């Protein structure tokens with residue numbers, strides 16, 4: 001399974017309203033379109049999460065615990 005960073009997990013938890021891998025990928029892709037040019041760190045984080053989501057299947061996605069954690 002793909003290993004997500006703490007930051008990627010929090011980002012995905014925030015945008016996982018649909019509860020599905022495909023829905024999350026759509027939400028992240030849409031959000032990415034609203035980023036300003038200076039938001040490069042968030043763009044890289046989003047691209048990394050999307051890349052990992054694309055390489056996993058729905059069974060692996062279902063095993064993720066997407067609950068935002070604000071203390072590392």
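Taken together, the values in this text are just the output of simple stated rules run on the coordinates, not laboratory data. Small disclaimer: the values here were computed from a predicted structure and weren't measured. Glycine also receives a Cβ, built like all others from the backbone with ideal geometry; neighbour counts cover every protein chain displayed.
The residue that is surrounded by the fewest Cβ atoms within 10 Å (Cβ to Cβ), among those in region 20-47 that are more than 24 Å from residue 59 (Cβ to Cβ) and touching a helix residue (DSSP H, G or I) at 6+ places or on another chain (Cβ under 6 Å), is 35. For residue 17, the conditions (1) within 16 Å of residue 68 (Cβ to Cβ); (2) touching a helix residue (DSSP H, G or I) at 6+ places or on another chain (Cβ under 6 Å) are fulfilled apart from (2). Residues that are under 12 Å from the mean Cα position of the chain (by Cα) and touching a residue at least 60 places away in the same chain (Cβ under 8 Å) within region 42-72 comprise just one, 64.
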